[in-house]
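Undergrad: Before I ask anything, here is the structure I am working with.
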Amino acid sequence: MFHFRPDEIFLVTGASSGIGKGTALLINQAGATVIATGRDNSRLAALQEQSAESNRLHCEVKDLAENPDSLPNWLMDLKKKFGKLKGLIHCAGLTRTEPLSLTNYTGAVSLFSIDYFAPLLLAKGFADRRVNTGEGASMTFIASLASVRPDKGQGLYGGAKAALVNTMQVMAKELAGRRIRVNCLSPGLVMTPMAEQYIQDYNLGEKQKERYPLGLGRVADVSALAAFMASDQARWITGQNYILDGGLIG
Amino acid sequence: MTRAEFLNELKDILQRDDSLEPEMVLKDLEEWDSLSIMALAGFFDQHFSKILHFTDIESFITVEDLMIAAGI
Ligand SMILES: NC(=O)c1ccc[n+]([C@@H]2O[C@H](COP(=O)([O-])OP(=O)(O)OC[C@H]3O[C@@H](n4cnc5c(N)ncnc54)[C@H](OP(=O)(O)O)[C@@H]3O)[C@@H](O)[C@H]2O)c1
């Protein structure tokens, strides 16, 4: 379907779990070199064990929310260590469901740190000519269905993801001249540890399943599109926010 | 800001690996594009309180012209 070369290096964030893990393993298997990041060394080590091509899968521990302003320099360091990056696939994120009545500024800033500021500053770092491979390079961000159709309790989360989608469009315009593509993928409920927690917390199991005509999403449903978006076959696609929602529609 | 500091800042704005010299012609630089010009306008505003328009910046020929515009 899609093939990558070993000299095509992708940074995959959130690679220790869920969608990021699935995507890191998929593009690694398809030939790419992957820099896999997360906060937990042991979870990343488990990922490396699962990889069929572990010599092309490098793990880097980094909390992306701690100091987002440090991220451009971090990307520069990764480039020095591994070489210029062909792609950024940003899957790290956090969901929090809370009604307006529980919302406060401190909590909002902490959620925005990982769901908006981190991808914003990662993008700044990636867009630096000294960091990316130039023509054909790409960034793909996992946003969420909540970026366009938020549910009750998703004011903050949906707000951060909507901000990400909006900024992604600006990046796409700014970087098109350099032939760098930028897109978002916005899934509905995908069965990952994050979603399982959400379903358990709110006792939503059967109710959620019934809402999705094609059933709940699987990691592979999202990682396949992420890999395609990162490949040269997507060369004419930029500035888009792809909805994957199993037919939920409205 | 000294001339050496300016050259260093400009290197970062252009996201360039190699160092810059005053006599270099801007249009010959691989990194000289509309996005760099936009970033340069912001840089002049922030550091020298000078509002430069796109066409002002485009009319500069060399790196030296930029330093003269910055008053250094
Ligand atoms: N699952 C869904 O239903 C769904 C739906 C729509 C959108 N999404 C979005 O898809 C993305 C991936 O979600 P998922 O379901 O795969 O979640 P997940 O299984 O919970 O994985 C989240 C990943 O993000 C990383 N992460 C969280 N905070 C971080 C931080 N501060 N610094 C660095 N890494 C951090 C985690 O790494 P650690 O090992 O450090 O914890 C983990 O690898 C998220 O952006 C989420 O909002 C998910």
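The values are calculated or read from the model by the stated rules, or taken from the named source; none is laboratory data. Because the structure is a prediction, the values reported are computed rather than measured. Counting neighbours? That spans all protein chains shown, and the Cβs are built from the backbone with ideal geometry, glycine included.
Undergrad: Determine, yes or no, whether A:Leu94 is within 14 Å of the ligand (Cβ to nearest atom) and touching a residue at least 12 places away in the same chain (Cβ under 8 Å).
TA: Considered against the rule, which asks whether it is within 14 Å of the ligand (Cβ to nearest atom) and touching a residue at least 12 places away in the same chain (Cβ under 8 Å), A:Leu94 comes out as yes.
Undergrad: Among A:Thr103, A:Thr13, which is more than 14 Å from chain B (Cβ to nearest Cβ), within 28 Å of A:Leu145 (Cβ to Cβ) and within 16 Å of the ligand (Cβ to nearest atom)?
TA: Going through A:Thr103, A:Thr13 in turn, the sole match is A:Thr13.
Undergrad: When the residues of the range A:162-186 are narrowed to those that are under 17 Å from A:Arg96 (Cβ atoms) and crowded, with 19+ Cβ neighbours inside 10 Å, which ends up farthest from the other protein chains (Cβ to nearest Cβ)? Even if it seems obvious, please write down each step before you answer.
TA: So the first thing to find is which residues in the range A:162-186 are under 17 Å from A:Arg96 (Cβ atoms), and the list is A:162-164.
Still in the running and crowded, with 19+ Cβ neighbours inside 10 Å: A:162, A:164.
Working: A:Ala162: 25, A:Leu164: 20 Å.
Only one residue tops the list, namely A:Ala162.
Undergrad: Take the range B:1-30 and flag every residue that is over 11 Å from the mean Cα position of the chain (by Cα) and within 11 Å of chain A (Cβ to nearest Cβ).
TA: Passing the criteria: B:Gln15, B:Arg16, B:Asp17, B:Asp18, B:Glu30.
Undergrad: A further question follows. Can you confirm whether the range A:164-174 contains a residue that is in a loop (DSSP other than H, G, I, E, B) and touching a residue at least 24 places away in the same chain (Cβ under 8 Å)?
TA: Among the residues of the range A:164-174, not one is in a loop (DSSP other than H, G, I, E, B) and touching a residue at least 24 places away in the same chain (Cβ under 8 Å), which makes the answer no.
Undergrad: Name every residue in the range A:123-138 that is among the charged types (D, E, K, R) and more than 8 Å from chain B (Cβ to nearest Cβ), in order of residue number.
TA: Within the range A:123-138, A:Lys124, A:Glu135 qualify.
Undergrad: I've got another one for you. Within the range B:49-67, count every residue that is assigned to a helix (DSSP H, G or I) and either of a type in the set (Ser, Thr, Tyr) or modelled with pLDDT under 95 (or both).
TA: Qualifying residue count for the region: 6.
Undergrad: Among the residues of the range A:87-94, is any over 18 Å from A:Ala15 (Cα atoms) and of a type in the set (Gly, Ala, Ser)?
TA: No, the range A:87-94 has no match at all.
Undergrad: For the range B:1-43, which residues satisfy the criterion of being within 23 Å of A:Met76 (Cβ to Cβ) and small (Gly, Ala, Ser)?
TA: B:Ala4, B:Ser19, B:Ser36, B:Ala39, B:Gly42
Undergrad: When you go through (1) touching a helix residue (DSSP H, G or I) at 6+ places or on another chain (Cβ under 6 Å); (2) within 12 Å of the ligand (Cβ to nearest atom); (3) in a helix (DSSP H, G or I) one by one for A:Phe141, which number turns out not to apply?
TA: Checking A:Phe141 against (1) touching a helix residue (DSSP H, G or I) at 6+ places or on another chain (Cβ under 6 Å); (2) within 12 Å of the ligand (Cβ to nearest atom); (3) in a helix (DSSP H, G or I), the one that fails is (3).
A quick yes/no check of all residues on (1) touching a Ser or Thr at 6+ places or on another chain (Cβ under 7 Å); (2) within 29 Å of A:Val109 (Cα to Cα):
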| residue | (1), (2) |
| --- | --- |
| A:Gly153 | yes, yes |
| A:Asn166 | no, yes |
| A:Met171 | no, yes |
| A:Val190 | no, yes |
| A:Pro193 | yes, yes |
| A:Tyr198 | yes, yes |
| A:Lys209 | no, no |
| A:Leu214 | no, no |
| A:Trp236 | no, no |
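Undergrad: Being closer than 19 Å to A:Ile142 by Cα and assigned to a loop (DSSP other than H, G, I, E, B) narrows it down to one of A:Leu214, A:Leu225, A:Leu248, A:Leu185, so name that one.
TA: A:Leu248
Undergrad: Would you mind finding the one in A:Ile9, A:Ile35 that is free of Cβ contacts under 8 Å to residues at least 60 places away in the same chain, in contact with a Leu (Cβ under 7 Å, 6 or more places away or on another chain) and under 19 Å from A:Arg129 (Cα atoms)?
TA: A:Ile35
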